[in-house]
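Chemist: Here it is, the structure, as structure tokens.
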Amino acid sequence: ILERYLHSLFDREQPIHTPLRPKYKTAHRTLSLDGNALLIIAALNYLRHVDDPTFCHTHWPALKRGLQWLELQSLEADGLLHQGAYTDWADSIKRHGIIHYTNVLYWRALCEFGRDAAIYGYPEDEAYFQAKAALVRDKINDHFWSEELGFYRTSDQFPHILSSSGNLLAIAWGLATPAQADAILDRMAAWGMAEPVPTQVTSEPYGPQFVALENRLAGIPHYHTEAAWLWLGAWHVVALARSGRSAEAGHLLERMATVIVRDGVVHEVYGRDGQPLATRWYSSEAPLTWSASLFVYACQIYREHADEKANPEAESAT
């Protein structure tokens, strides 16, 4: 936390010229579940885009151990992961237990691993992880989906809060049904969650007792609630495009592009006024590759779906 704070306070970019050092614990000294799932998803995505059998055979056992470690965080028969406070990307929030976002990532990692196992010569893993993915998908819907609210609840601890991360990923990756996807996107539109910059983290704030002390002292208690992150905006675009709502997706994409051009850089996070978040003790990091790369990805997905809509015969031919 101190290292990031000092770079922010003195308006300096964090160094990128030295090799990346793995960090196994968060700034709050907790173990990150979502980071482990994301690593597996990213590695398998890499393999699908390059011809690198050496990478696969070298790292497959380690990826499998990472997935098995995640399985150990399931404390009940439903197979859903349990986490401690401050242990996912929203690491300024003291949310714990069974969290929707983390379990969506876990489901995706299981799906990817089960789908690719036989392709890369590990057929013994295929059936097991595909079955586990199907179980976790059903349990996510059983545990988190609220027909009355029209979205996936963040957790039992925060049953009335819509977290954009888990809900948008559920749509983009096909965990949510088309009806669920439309309900979620309609709620987010009604609540203005893409205003003034796409997209806000949650539909409403967590109580101050759940926000880390350092965030409150720095004047940014809304860092992981009402503040907006362009990587979430990117998944918002992808979710809309894959739900057949291309006009809305294009509108969000244009607004994101306008913000990036205005600032000349992709910022980490934006405040309620639509400007990069800044206080006396904190200023938004820039550039942020996380959001920049996902903006490019959102542009690609939007273009693909726009092309399909313009050329339905070509789509049916494929």
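Chemist: Residues Val201, Val211, Val237: which one is touching a His at 6+ places or on another chain (Cβ under 7 Å) and of a type in the set (A, V, I, L, M, F, W, C)? First the steps, then the outcome.
Modeler: Values: Val211 fails: touching a His at 6+ places or on another chain (Cβ under 7 Å); Val237 fails: touching a His at 6+ places or on another chain (Cβ under 7 Å).
The conditions single out Val201.
Rundown of residues vs (1) of a type in the set (S, T, N, Q); (2) touching a residue at least 40 places away in the same chain (Cβ under 8 Å); (3) surrounded by fewer than 20 Cβ atoms within 10 Å (Cβ to Cβ); (4) farther than 22 Å from Asp125 by Cβ, yes/no style:
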| site | (1), (2), (3), (4) |
| --- | --- |
| Trp69 | no, no, yes, no |
| Gln73 | yes, yes, yes, no |
| Leu81 | no, yes, no, no |
| Gly84 | no, yes, yes, yes |
| Thr87 | yes, yes, no, yes |
| Ala90 | no, yes, no, yes |
| Ile99 | no, yes, no, yes |
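Chemist: Tally time: how many residues in the stretch 225-245 are out of contact with any Leu (no Cβ under 8 Å at 6 or more places or on another chain), more than 23 Å from Pro276 (Cα to Cα) and not hydrophobic (A, V, I, L, M, F, W, C)?
Modeler: Quick first cut of the stretch 225-245, residues out of contact with any Leu (no Cβ under 8 Å at 6 or more places or on another chain) only: 225-226, 228-229, 241-242, 244.
This time we only want the ones that are more than 23 Å from Pro276 (Cα to Cα), so: 241-242, 244.
In the following step, the residues that additionally are not hydrophobic (A, V, I, L, M, F, W, C) were identified as 242, 244.
The number of residues fulfilling the criteria is 2.
Chemist: Continuing with the same structure: Go through the residues of the stretch 46-62 one by one and say whether even a single one is touching a strand residue (DSSP E or B) at 6+ places or on another chain (Cβ under 8 Å), farther than 21 Å from Lys139 by Cα, at pLDDT 85 or above and among the aliphatic types (A, V, I, L, M). Outline the logic, then answer.
Modeler: As a first pass, look at the stretch 46-62 and keep what is touching a strand residue (DSSP E or B) at 6+ places or on another chain (Cβ under 8 Å): none.
No, because not a single residue in the stretch 46-62 is touching a strand residue (DSSP E or B) at 6+ places or on another chain (Cβ under 8 Å), farther than 21 Å from Lys139 by Cα, at pLDDT 85 or above and among the aliphatic types (A, V, I, L, M).
The values are calculated or read from the model by the stated rules, or taken from the named source; none is laboratory data. Treat the numbers as computed from the prediction; the structure is a model and nothing was measured. All Cβ positions, even for glycine, are placed from backbone atoms using ideal geometry, and neighbour counts span all protein chains on display.
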